[in-house]
Amino acid sequence: GGVELFYDNSKKFETTTSGATVTGELVTTGDIDPSADGGASLGSAAKSWYNIFVNNDIHLADNGQALFGDGNDLSIYHDGSDSYIKDSGTGHLKIDGSRVILRNVANDDPMVDCIGGGTVELYHNGAKKLETTSAGGTLTGTWTGAGKVLQVVTTVKQDAWSEDLSNA
């Protein structure tokens, strides 16, 4: 038979043929081990959790994915060698921010800096090489290209694309 536990004449815990039912909050001071072999799930497609609040880290093993959307439209994962943010849905992957900066892994050199409502800067090895401005853009250093791929504006000579632009 089943076991029932009450608090103040209100049933809070009972065993059932499929496991146990807790009514109210379950507070633990240690780990919750899903099973001896670690093969249990938390929830299911038919019985999902509405909110999960975590105060610290969520650890996923290599190839474990954080999946978002009804059709798993967005996934974030690491395959043991590379890390991925993958949008496979019908919409777009959008990153919103007043300033979005892509940095190297050491977090000491910018690669791309997008400043809200204005400038986009591209860097090489921490040195700014291209910057958009309200008038167009600024190139720094020597820029070369195959063929005439640059549409020339007033301050650059027609044949200057394969030359040092600082002398143009």
Hey, any hits in the range 74-81 for a residue that's assigned to a loop (DSSP other than H, G, I, E, B), surrounded by 10 or more Cβ atoms within 10 Å (Cβ to Cβ) and among the hydrophobic types (A, V, I, L, M, F, W, C)? no
Quickly run through the range 59-71 and pick out the residues that are part of a loop (DSSP other than H, G, I, E, B) and either farther than 20 Å from Asp87 by Cβ or open to solvent by less than 90 Å² (accessible area, probe 1.4 Å) (or both). His59, Ala61, Asp62, Gly64, Gly69, Gly71
Conditions (1) open to solvent by 100 Å² or more (accessible area, probe 1.4 Å); (2) at pLDDT 90 or above; (3) at negative phi; number of the one not met by Asn125: (3)
Select from the range 91-105 the residues that are aliphatic (A, V, I, L, M) and outside any loop (DSSP other than H, G, I, E, B) and write down the one among them that is farthest from Lys129 (Cα to Cα). Val100
Does Ala46 satisfy the condition of being part of a strand (DSSP E or B), closer than 30 Å to Glu25 by Cα and either aliphatic (A, V, I, L, M) or in contact with a Phe, Trp or Tyr (Cβ under 9 Å, 6 or more places away or on another chain) (or both)? no
Search result, residues across the range 5-33 that are aliphatic (A, V, I, L, M), in a strand (DSSP E or B) and open to solvent by 80 Å² or more (accessible area, probe 1.4 Å): Leu5
Residue count, the range 86-113 (criterion: open to solvent by 50 Å² or more (accessible area, probe 1.4 Å) and more than 24 Å from Gly69 (Cα to Cα)): 10
Number of the condition not met by Asp108 [criteria: (1) within 30 Å of Thr133 (Cα to Cα); (2) in contact with an Asp or Glu (Cβ under 7 Å, 6 or more places away or on another chain)]: (2)
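The values are calculated or read from the model by the stated rules, or taken from the named source; none is laboratory data. Since this is a predicted model, take the numbers as computed values, not measurements. All Cβ positions, glycine included, derive from the backbone under ideal geometry; neighbour counts span all protein chains shown. Ligands, DNA and RNA are excluded from the accessible area calculation, which covers all protein heavy atoms including side chains. Shrake-Rupley method; radii C 1.70, N 1.55, O 1.52, S 1.80 Å.
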